[in-house]
Amino acid sequence: MDQKLQLQQFQLYLMRRNLSKHTIRSYLYAVRQFFRFYPELNDLNLQLYKLYLMEHYKPQTVNLRIHALNCFLTYAQWPGGHVLQIRLQQKTFFDHIISEADYEYLKARLLSDNKYLYYFLIRFMAATGARVSEVIQFTVEDVKHGYKDLYSKGNKIRRIYIPSTLQKDTACWLKETNRLSGDLFLNPSGQRISPSGIRRQLKILAIRYQLDEMVVYPHSFRHRFAKSFIENCGDITLLSNLLGHESIRTTRIYLRRSSSEQKAIVNQVVDW
């Protein structure tokens with residue numbers, strides 16, 4: 001089969017599996033990269049591609065490309081076995097997450113500087129666990145309802161709850177700005193704000209308020225939600241459902257402590 005046609009059909013295969021646009025793009029990129037280096041699909045070339053990836057990319061990226069290629073092999077009904085992913089050395093600590101103190105400090109500064117858009121953006125991510133791609137989909141109507149329903153893989157509905165305190169505060173903000181309907185988070189042009197715009201502005205705010213840029217990024221607030229939830233509730237199964245994880249194994253990362261937390265515990269406990 002013509003390679004271009006095969007890639008087009010592979011794209012349709014991925015779309016029928018309800019994968020996100022970002023995932024489809026990354027899968028197609030990996031397959032195109034493979035065929036750019038190795039025009040023929042055979043066991044030797046598959047292993048050579050794996051070696052190339054290991055020499056040029058970080059382990060996580062290597063496994064993402066291998067996973068994409070294996071998906072293509074499944075689609076193509078490749079008679080040989082799949083390419084084995086490389087084993088990752090898992091960290092025993094979880095860093096690069098905004099601390100509760102810095103989160104509260106950032107909220108206070110944004111509020112005092114009347115930067116309500118980003119004040120509510122970070123609150124929504126930290127109080128709901130929503131991804132940045134999800135938080136921009138919230139509407140004024142969702143605030144009235146107290147939740148947002150989103151479709152995930154396999155056409156499953158995931159409900160993201162808006163805590164009552166946040167719901168009340170957001171309703172006051174909307175009333176002051178005379179917002180009755182439509183997207184909740186708008187850019188200066190009145191259009192739905194973009195994830196890239198949020199990422200850029202958060203970096204600017206981190207510098208302005210002298211916070212560590214490494215912990216001021218959209219997903220950090222989702223991590224903050226998860227860490228605070230597990231510390232205050234302890235129900236990891238519920239947390240996994242709230243975050244929309246396919247496997248509870250993904251959620252277990254939040255049971256780990258940061259390296260600074262580990263150090264503090266060691267200093268407190270070990271006196272011999």
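Things to note:
- Low-density loop positions, chymotrypsin sites (Phe, Trp or Tyr not before Pro), region 25-113 - DSSP coil, at most 14 other Cβ in 10 Å: Tyr57, Phe93
- Rounded to the nearest 10 degrees, the inclination of helix 195-208 to the longest alpha-carbon principal axis of the chain is 50 degrees.
- Here Kirkwood radius over Cα pairs in Å was calculated from the structure, and among [x] 17.8; [y] 22.6; [z] 21.6 it sits at label [z].
- Surface composition of the chain: carbon plus sulfur atoms hold 52% of the accessible area, using a 1.4 angstrom probe and ignoring ligands, DNA and RNA.
- Calculated mean residue ellipticity at 222 nm for the chain: -18500 deg cm²/dmol, from DSSP H runs with n ≥ 4 weighted as -39500 (n - 2.57), summed, divided by the residue count and rounded to 500.
- In degrees, nearest ten, helix 3-16 long axis to first principal axis of the chain (Cα): 40 degrees
- Here each label is just a point 7 Å from Cα along the line to Cβ, and for Tyr147 and Tyr161 those points are 0.8 nm apart.
- In straight-distance terms, cross-link reach from Lys4 covers every one of the aspartates and glutamates whose alpha-carbon lies under 17 Å from its own, apart from those fewer than eight places away in the same chain; here that gives Glu40.
- Net +/- balance of residues flanking Asp235 in space, Cβ distance below 15 Å, scoring K and R +1, D and E -1: +1
- Using alpha-carbon coordinates, inclination of helix 59-75 to the longest axis of the chain, degrees: 60 degrees
- Charge tally around Lys115: other residues with Cβ under 13 Å, Lys/Arg +1 each, Asp/Glu -1 each, net +3.
- The local environment of Cys172, defined by Cβ-Cβ distances under 14 Å, has a net charge of +3 under the rule Lys, Arg +1 and Asp, Glu -1.
- Across Lys58/Lys227; Lys115/Lys203; Lys144/Lys175; Lys115/Lys148; Lys107/Lys203; Lys148/Lys168, pairs whose alpha-carbon gap is larger than 21 Å: Lys58/Lys227; Lys115/Lys148
- Rounded to the nearest 20, the size of the Cβ-charge dipole of the chain about its Cα centre is 480 debye, with Lys and Arg at +1 and Asp and Glu at -1.
- Averaged per residue, the chain has 61 square angstrom of accessible surface, using a 1.4 angstrom probe with ligands and nucleic acids left out.
- Signed unit charges on C-beta, dipole axis of region 4-130, positive-most listed residue Leu5, Leu121, Leu19: Leu5
The values are calculated or read from the model by the stated rules, or taken from the named source; none is laboratory data. Everything numeric in this text was worked out from a predicted model, so none of it was measured. Every residue, glycine among them, receives a Cβ derived from its backbone with ideal geometry; neighbour counts consider all protein chains shown. Accessible surface is based on the protein model in full, side chains and every heavy atom, while ligands, DNA and RNA are left aside. Shrake-Rupley method; radii C 1.70, N 1.55, O 1.52, S 1.80 Å.
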